[in-house]
Amino acid sequence: MFSPKYTITHALLENIKRIYSLVQGLNQRSFPHVVLAELQRDAEAVSSYASTSIEGNPLLLTDVKRILKNRPQNVRDSEREVLNYNEILQEINQKLAKGTLPLSLNLSLQIHKKVTAKLLPAFQSGKLRVDPVFVNDPRARKTVYWPPDAGDVPTLMNELIQFVEGNKNKIDPLILAGLFHKQMVGIHLFMDGNGRTTRLLTKILLADMGLNTFNLFSFENYYNQNVTRYFEMVGVRGNYYDIVGRVNFSAWLEYFTGGIIDELLRVQKTLPFTLAPEAELKPYHRALIEFLEQNGSITDRDYSTLTDRAKPTRRLDFNKLIEMEWIVRKGKGKNTYYVLKEKQ
């Protein structure tokens, strides 16, 4: 049974707190449908580019956007790879908009089949591997990882899924998604297409945690900024059976959550600052809310560094946002601070 070793370090805990603060702030915003549709298309293009680029696809982002716009019929494998990823990503987004997608081995196979359509032989596409595979380090020109035997793959994957499902109310979903991601890469379900399939399944798990901005979100983009670092963090070295009980997930979880923060900040900068129609806020109100999204809480002293408004006026600003149900007051007297109100 899958029983991962990890420590909830100070860095990991701070990352998790910040992620929830950023998500809460992003989910407080509202946007015209036409704006969201355009932003979603762009995020899907970035994901399609980044996730395939990680695996060595040579196409540039401009090439990917052109291909996705024109949808040519006669394509090379590099173009097919992008089109496949984008197609299944759009399908996942549409299904998630209607509800959750239960994690299962069958879902993994369905995603892999679409990711590798016309790129792998039919007996490998959407099918668990039946042969041994090896992971090589191209720089050292030697094998660095021996995944588990093919016969053990179904059991290991089902145990991983059972672990996730059985701990949804016990372990923070961000940690669960990170544990799932690294372990699935280690199991190496398929002859090819493991990384792309794993990243799509991880996106589904992240959406399940209530990340309403999921369809605007491309955490693959962070990994693609330093592919070598990603492979160092997500991978392991040695024979699976020799190291399975010694793998520590702590450093990976810090890296994994740090990447989510990086992407959420990118999304935050991309989105126009639009609030609910009745929320006609001034720039200093927006600065206050953005500070909360970044830091989780704010004091009057913090706010005084963001604006030159007098203390009595700053008090009125806090009261206005409380009345509009954007923030809530915590503490008393000199220990007073403010946080974003949880969205119902």
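Every listed requirement among (1) closer than 23 Å to residue 14 by Cα; (2) touching a residue at least 12 places away in the same chain (Cβ under 8 Å) is met by residue 286 save one, (1). Within the stretch 309-344, if we keep just the residues that are among the basic types (Lys, Arg) and closer than 12 Å to residue 28 by Cβ, the residue that is surrounded by the most Cβ atoms within 10 Å (Cβ to Cβ) turns out to be 341. The single condition among (1) crowded, with 17+ Cβ neighbours inside 10 Å; (2) more than 26 Å from residue 163 (Cβ to Cβ); (3) without any contact (Cβ under 8 Å) to a residue 60 or more places away in the chain that residue 123 does not meet is (1).
Yes or no: residue 147 modelled with pLDDT of 95 or more, of a type outside the set (Val, Ile, Thr) and under 20 Å from residue 240 (Cα atoms)? Against the criterion (modelled with pLDDT of 95 or more, of a type outside the set (Val, Ile, Thr) and under 20 Å from residue 240 (Cα atoms)), residue 147 qualifies.
Can you confirm whether residue 129 is over 16 Å from residue 234 (Cα atoms) and modelled with pLDDT under 95? No, not satisfied.
Taking the stretch 84-126 as the range and being modelled with pLDDT under 95 and on the phi > 0 side of the Ramachandran plot as the test, only 99 passes. Residues that are within 18 Å of residue 188 (Cα to Cα) number at least 2 in the following helices (runs of 4 or more DSSP H) confined to the stretch 47-148: 105-115. A single member of 100, 143 is without any contact (Cβ under 8 Å) to a residue 12 or more places away in the chain and hydroxyl-bearing (Ser, Thr, Tyr), and it is 143. Exactly one residue among 17, 5, 69 is under 30 Å from residue 342 (Cβ atoms), outside the structural domain of residue 298 (by TED's automatic domain parsing) and exposed (fewer than 15 other Cβ atoms within 10 Å of the Cβ), and that residue is 17. Residue pairs whose Cβ atoms lie under 8 Å apart, sitting 6 or more positions apart in sequence or on different chains, and linking a residue in the stretch 158-176 that is within 17 Å of residue 257 (Cα to Cα) to a partner that is of a type in the set (Val, Ile, Thr), are 172/16; 174/16; 174/19; 174/257; 174/260; 175/8; 175/16; 176/164.
The numbered conditions (1) farther than 16 Å from residue 107 by Cα; (2) surrounded by 24 or more Cβ atoms within 10 Å (Cβ to Cβ) are all true for residue 198 except (1).
Residues checked against (1) among the charged types (D, E, K, R); (2) at pLDDT 95 or above:
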{"residue": "39", "(1), (2)": "no, no"}
{"residue": "44", "(1), (2)": "yes, no"}
{"residue": "64", "(1), (2)": "no, yes"}
{"residue": "77", "(1), (2)": "yes, yes"}
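Of the numbered criteria (1) modelled with pLDDT of 90 or more; (2) assigned by TED's automatic domain parsing to the domain that holds residue 28, the one residue 302 fails is (2). The residues on offer are 178, 193, and the sole one that is under 19 Å from residue 48 (Cβ atoms) and in contact with a Ser or Thr (Cβ under 8 Å, 6 or more places away or on another chain) is 193. For residue 108, state whether it is within 21 Å of residue 230 (Cβ to Cβ) and more than 22 Å from the chain's Cα centre (by Cα). The answer is no for residue 108.
The values are calculated or read from the model by the stated rules, or taken from the named source; none is laboratory data. If you're wondering where the values come from, they're calculated on a predicted model, not measured in any experiment. Positions of Cβ are backbone-derived with ideal geometry, glycine not excepted, and every protein chain shown enters the neighbour counts.
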